[in-house]
Amino acid sequence: MAATAATLELQVAGVRLDIRTRRAEVAGREVELTAKEFTLLETFLRHPGQVLSREQLLSNVWGYDFDPGSNVVDVYVGYLRRKLGSARFETVRGMGYRMRDQP
């Protein structure tokens, strides 16, 4: 099955991600992301408005089971907040994180 344009470019709340070229833009400005930041952002963009648990994010981005002592998800969400704007990412206490689907 051929990939469609919808799967090659994701856009939510003023953030655009081009899967083919591995480029990210916020409000028309290109933003440099590491490979893990890119994959984490892609996960959020594929589930706008949905609460994603740390376990889901660890599995999708880092490919391993949840380690209750690891704060790697928190650290990388912090990186995305600094690069893309903190208002875009909401901490849902005791549950995980959500990317707001409104800027």
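Contact list please: Cβ distance under 8 Å, first residue in segment 60-88 and over 21 Å from Asp101 (Cβ atoms), second residue of a type in the set (Gly, Ala, Ser) and modelled with pLDDT under 90, pairs at least six apart or on different chains. Pairs found: Asp65/Ser59; Phe66/Ser59.
With modelled with pLDDT of 90 or more and assigned to a loop (DSSP other than H, G, I, E, B) as the only criterion, which of Arg16, Arg20, Arg82 stands out?
The unique qualifying residue is Arg20.
Number of residues in segment 89-103 that are more than 20 Å from Glu37 (Cβ to Cβ) and either free of Cβ contacts under 8 Å to residues at least 12 places away in the same chain or part of a loop (DSSP other than H, G, I, E, B) (or both) equals 4. Restricting Val61, Val92 to those that are more than 15 Å from Val12 (Cα to Cα) and under 12 Å from the mean Cα position of the chain (by Cα) reduces the list to Val61.
Do you know which residues across segment 25-75 are part of a helix (DSSP H, G or I) and acidic (Asp, Glu)? Residues satisfying the conditions are Glu37, Glu42, Glu55, Asp74.
For segment 35-54, which residues satisfy the criterion of being loosely packed, with under 15 Cβ neighbours inside 10 Å and in contact (Cβ under 8 Å) with a residue 12 or more places away in the chain?
Residues satisfying the conditions are Lys36, Gly49, Gln50, Val51.
The values are calculated or read from the model by the stated rules, or taken from the named source; none is laboratory data. All of these numbers come straight from a predicted model, not from anything done at the bench. Every residue, glycine among them, receives a Cβ derived from its backbone with ideal geometry; neighbour counts consider all protein chains shown.
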